[in-house]
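First the structure, in the form of structure tokens, and then the observations on it.
The values are calculated or read from the model by the stated rules, or taken from the named source; none is laboratory data. Treat the numbers as computed from the prediction; the structure is a model and nothing was measured. Using ideal geometry, Cβ is built from the backbone for each residue, glycine included, and neighbour counts are taken over all protein chains shown.
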Amino acid sequence: MKTIILTGGGTAGHVTPNIALIPALKTLGYDVHYIGSYEGMEKALIADCDIPYHGISSGKFRRYFSLKNFTDPFRVLKGYGEAKRLIRELKPSIVFSKGGFVSVPVVWAARKNHVPVIIHESDMTPGLANKLSFFAATKICCNFPETIEKLPKDKAVLTGSPIRAELMLGDAAKAERICNFEDPDKPVIMVVGGSLGAASVNDMIRRILPRLTEKFNVLHLCGKGKTDESYAGTKGYFQLEYAKDEMKDLFALSDIIVSRAGANAICEFLALHKPNLLIPLPRSASRGDQILNANSFAKQGFSLVLDEDKDLTEDSLYDTICDLYERREEFRKVMLKSEQTNAVSAVVKLIEETALE
């Protein structure tokens, strides 16, 4: 039996594409193992996947001054030693890395043991952890055409991001029962702020609720601790912190989506052919990767975009949502033509071609 090690962690975006690959890999006969940090969020996310999880020591490479910059290198070295031991023990045919700093010692250890490595970069511009691992990679997958020019030419492959197959199997009727909208014939807007919520987007949506609910039902995923009980019972409005197993059903019910522009989230919208309005995290609060992601999707005809710092007002948000809904079929037709919506098959094929026999 062939063995594959998956690695990645620190955020859900560094884990969920790995989870999407697991069923296909098992079908092909791979013995799938996961290496993450001792107690990172990846451990909890992988718990339901019925594969062995191996924890290693992990540190972070910071571009700013911190006392931890003096201690974390020792944690990384310890993790490198632990990863080398695991690779010698498991004898994988290949390592697939989704990034995050825990993946760095794993990728380095694979290189040291002559095991081929495939890295996946979700964002338009590569993150530091992946950059530190590029030298060890056999191939580097990416989501955006623009990213290819930022990667080593002989390694770059445009695949899109692996999406969980279960998301394609949603039941809108189940979601209707969850939301219990009084007028189920109205189109549904799903508003997604990310796992931690987007306070500014949440606030702006609630400001225009009276106008929105005249035309739409609003399904609002607010983020942990971000629901507002003063809106409980508002006709045409349903709020919850986040969704897990029911997410596929909520997607099936939704006609259009308003969201931040995290790479994995927007790739889900693309795979599901959901017209979307993206409000990327502003540069003042990030390294600007969501802005680049959103602009790429807009350029490809998949999304409309509002710049939070420059363009986001109550009127602009309402008008753009209405415009998106009126043009929804136009966006769907463009998405249907995309070659980036079958990423699981593309990545698994690359794994098969690259793995040691």
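Some observations on this one:
- If you check 148, 178 for being out of contact with any Lys or Arg (no Cβ under 8 Å at 6 or more places or on another chain), surrounded by 12 or more Cβ atoms within 10 Å (Cβ to Cβ) and not assigned by TED's automatic domain parsing to the domain that holds residue 20, only one passes: 178.
- The set of residues in region 76-112 that are without any contact (Cβ under 8 Å) to a residue 40 or more places away in the chain, of a type in the set (A, V, I, L, M) and farther than 24 Å from residue 13 by Cα contains only 77.
- The listed residue being in a loop (DSSP other than H, G, I, E, B) and in contact (Cβ under 8 Å) with a residue 24 or more places away in the chain, out of 227, 234: 234
- Going through (1) closer than 20 Å to residue 208 by Cβ; (2) not in a helix (DSSP H, G or I) one by one, residue 301 falls short only on (1).
- From 349, 333, residue being under 30 Å from residue 27 (Cβ atoms), without any contact (Cβ under 8 Å) to a residue 40 or more places away in the chain and either of a type in the set (D, E, K, R) or not assigned by TED's automatic domain parsing to the domain that holds residue 205 (or both): 349
- Of all residue pairs spaced 6 or more apart or on separate chains, those with beta-carbon atoms under 9 Å, a first member in region 241-262 that is assigned to a loop (DSSP other than H, G, I, E, B) and a second member that is charged (D, E, K, R) and at pLDDT below 95 are 241/224; 241/226; 242/224; 245/166; 261/289; 262/123; 262/289.
- Looking only at region 336-351, and only at residues there that are touching a Leu at 6+ places or on another chain (Cβ under 7 Å) and assigned to a helix (DSSP H, G or I), the one that is surrounded by the fewest Cβ atoms within 10 Å (Cβ to Cβ): 348
- For region 1-111, the helices (runs of 4 or more DSSP H) that sit wholly inside it and include 1 or more residues that are modelled with pLDDT of 90 or more and more than 29 Å from residue 262 (Cα to Cα) are 16-27, 68-90.
- Counted residues, region 150-189 - those being of a type in the set (A, V, I, L, M, F, W, C) and within 26 Å of residue 234 (Cα to Cα): 8
- Residue match in region 328-335 (condition: over 20 Å from the mean Cα position of the chain (by Cα), closer than 25 Å to residue 211 by Cα and not in a helix (DSSP H, G or I)): no
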